[in-house]
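Quick notes on the structure that follows.
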Amino acid sequence: MEIMRIHSFLTVLLWSSVFYVIHMTPSQKRTNKHSHSERITGLSENDGKTLHRTKRGWMWNQFFLLEEYTGPDTQYVGKLHTDQDKGDGNLKYILTGDGAGSLFIIDENTGDIHAAKKLDREEKSLYVLRAKAIDRKTGRQVEPESEFIIKIHDINDNEPKFTKDMYTASIPEMSGVGTSVIQVTATDADDANYGNSAKVVYSILQGQPYFSVDPETGIIKTALPDMSRENREQYQVVIQAKDMGGQMGGLSGTTTVNITLTDVNDNPPRFPQSSYQFSSPESAPPGTPLGRIKANDPDVGENAEIEYSISNGDGSDMFDIITDKDTQEGIITVKKHLDFENKVLYTLRVEATNTHPDPRFLQLGPFKDTALVKISVEDIDEPPVFSRPWYLIEVDEDAKEGSIIGQVLAQDPDVAKNAIKYSVDRHTDLDRIFNIYSGNGSLFLSKPLDREETPWHNITVIATEINNPKQSSQIPVFIRILDINDHAPEFANYYETFVCENAKAGQLIQTVSAIDKDQPPRGHKFFFELVPEFAVHPNFSVVDNKDNTAGIMTRRNGYSRSKTSTYLLPIIIFDNDYPIQSSTGTLTIRVCACDSRGNMQSCSAEALLLPAGLSTGALVAILLCIIILLVLVVLFTALKRQRKKEPLIISKDDVRDNIVTYNDEGGGEEDTQAFDIGTLRNPEAREESKMRRDVIPETIFQIRRTAPLWENIDVQDFIHRRLKENDLDPAAPPYDSLATYAYEGNDSIANSLSSLESLTTEGNQDYDYLSDWGPRFKKLADMYGGEDSDRD
């Protein structure tokens, strides 16, 4: 009611703005900027002076209007009036501008202005309007248009509003009192310059006694010390903002703040029990997990990360513990091989420690905990165990077959101590050189050794339990063959040695060295000397250089190719190992022509036939002559072969030799494929090599070509001459293929060798006389000469 009375008083005061002023001074202006003057000129009858009159008008002040008017009638704003209005209704008032006709209505006869609608200052706080008065009869404007302002006065009709409907904040647990959490802000749409309608005060409706809020700034702070996340993690705080400075009747708004306590490392890890029990078979390999233990930490994230370790205990060398980062558990694993027969029970002291301790809370105590872990070892049936991880055996190269070279030992590690048998893995000894006694593991030789062929042998020995063959183990055995001096030294290379015809006595012509397949422990040492038969060689001597080489020296001045073109120098090479081995190497020394500096020019004896100092043209001419002669000889031979010759003997008893190189003795008279009688009748046919068609020969020797016999001579003489040629031929094979013919010649000392005649005799024939026939019949003598050959 008090507000309404003040409003009525202000309205009356504000509308006392219409007044009349008459100025007698010329061209006097009104105080309002919107006042206008009109000048009227006329003659006065009294003094003839010109009179000036200024029209009366209006002057406006601001109009004020309260917002949100809820009365039954329209709200009265004010009244427009001019001194030209005589009250006879001759004037008409017109209103234009902001809201004219819609928000603001004027009575055109009286000039009263009313607000037609309820106004809201928050939507528009100021309205600018224009007013004018016109004569209804003439339509002339009696007052110029004038502008005035209607200002809306604020009332407290808006409550404070927060910038967010809900706030989210976090703060570390165990924070001190007064720690700032978050600031909330509320705004009021009312006019802050008019009263306390927009003055906001903050207060806490929910969240005490844990949090508080600053009434002016809206900053939320902690109100209790040592708030623990483990006890309570989420808090919901309701904040109120009230205008009018928080007084009674003020409007208010609220918001919700969700506060989360974040974790800090303020709790040490703790084992839920003081001891743990695990078991492991003794056969568990290193790295085998045995079990898991876990220490509880109420913290989260990295504050709950734990590292496990073994602090002490008799099993710290046999077991290990690793940390599972995903589950924060400690995994106990086997570190070394276990042995039930050695130790049955192990004890460990396991420690769990935080990896990220917070220095602010170290005073709360050590951030670690310990627990006792007992591990029992279970017995299983184990395979045999060798006394060594591997064996190295050395044996002499000349060790006899059956001799023991070494021994391997294995035993059953179990309490039962089962018997063991040994064997050699034949995949590692394919040649079966070694063998082993199954009862005691002694290795012995089955075959002789050769260090030069295989200096090392790597075999595998298997030990198996007799009662349980599935339990077996194997071990590598390295056998080194020790060298003995069983090889003689020999020349290191094939030497092509020559001596100049103009060589002087004492001249070095060759340096020789030797090699030996043996490997003596002190290294090789070789000695060189001539064989005893050539100890005093008239042409050359051997000088031992004492460094495993020897020099070949000349012993005379000058050598002649025409007399001797090649010298053979036998040299004995000794080693110094036991037993001493030696060999004889023959050095071939050719005599060559050399220049004055000792450079070889020619070593062939045919070069002596050429005259010295022949020109190049002469040599070319000689070569051409030789070529022409060779061509003539070839043509003459070809013409001779085209001539037809009669057979040497027309008789059907004509027999010629047919020597065919096979490894059989022939099939007798029934073997018609063994020879061709036409060959005996035509000597020229013998020049062609023919092979038997019934037997595949192993080797075909090329028969030495001889000059054909152009004269028709006796067959016996022909055979004798062929026999002599073959006896003198060093390239003839050391065996014969015998063919029997009807005609054997006269006075044959061998008589008949036909196998048909042997059927008529009783008992074995004596072929010892074949040994007296020379080397051509040696094969026959070995085949038929004696009872041993028959057994073979």
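The values are calculated or read from the model by the stated rules, or taken from the named source; none is laboratory data. Quantities reported herein were computed from a predicted structural model and do not represent experimental measurements. FYI the Cβ positions are ideal-geometry reconstructions off the backbone, even for glycines, and counts take in every protein chain you see. Areas reflect the complete protein model, heavy atoms only, side chains present, ligands, DNA and RNA absent. Shrake-Rupley method; radii C 1.70, N 1.55, O 1.52, S 1.80 Å.
Figures for the structure shown
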| quantity | calculated |
| --- | --- |
| Pairs with Cβ under 6 Å, 6+ apart, first in the range 121-139 and within 15 Å of residue 98 (Cα to Cα), second open to solvent by 30 Å² or more (accessible area, probe 1.4 Å) and in a loop (DSSP other than H, G, I, E, B) | 127/98; 128/98 |
| Candidates 458, 468, 485, 493, filtered to the one that is open to solvent by 70 Å² or more (accessible area, probe 1.4 Å) and not in a strand (DSSP E or B) | 493 |
| Considering residues of the range 518-549 that are closer than 20 Å to residue 498 by Cβ and β-branched (Val, Ile, Thr) only, the residue most open to solvent (accessible area, probe 1.4 Å) | 543 |
| Subset of the range 288-328 [part of a loop (DSSP other than H, G, I, E, B) and open to solvent by less than 50 Å² (accessible area, probe 1.4 Å)] | 288, 295, 297, 299, 313, 315, 316, 318, 328 |
| Residue check for residue 401: in a strand (DSSP E or B), open to solvent by 30 Å² or more (accessible area, probe 1.4 Å), touching a residue at least 24 places away in the same chain (Cβ under 8 Å) and touching a strand residue (DSSP E or B) at 6+ places or on another chain (Cβ under 6 Å) | no |
| Test: residue in the range 365-381 that is over 30 Å from residue 306 (Cβ atoms) and out of contact with any Phe, Trp or Tyr (no Cβ under 8 Å at 6 or more places or on another chain) | yes |
| Options 432, 451, 426: the member that is within 21 Å of residue 398 (Cβ to Cβ) and surrounded by fewer than 13 Cβ atoms within 10 Å (Cβ to Cβ) | 432 |
| Hey, residue 440 at pLDDT 90 or above, assigned to a loop (DSSP other than H, G, I, E, B) and closer than 30 Å to residue 382 by Cβ or not | yes |
| For residue 351: the one exception among (1) of a type outside the set (Val, Ile, Thr); (2) open to solvent by less than 50 Å² (accessible area, probe 1.4 Å); (3) within 32 Å of the chain's Cα centre (by Cα) | (3) |
| Residue within the range 603-619 that is out of contact with any Pro (no Cβ under 7 Å at 6 or more places or on another chain), modelled with pLDDT of 85 or more and either farther than 30 Å from residue 518 by Cα or part of a strand (DSSP E or B) (or both) present | no |
| Unique residue being assigned to a loop (DSSP other than H, G, I, E, B), closer than 30 Å to residue 151 by Cα and either at pLDDT 95 or above or open to solvent by 60 Å² or more (accessible area, probe 1.4 Å) (or both) when the list is 193, 231 | 193 |
| Test: residue 380 is in a strand (DSSP E or B), touching an Asp or Glu at 6+ places or on another chain (Cβ under 9 Å) and either at pLDDT below 95 or open to solvent by less than 60 Å² (accessible area, probe 1.4 Å) (or both) | no |
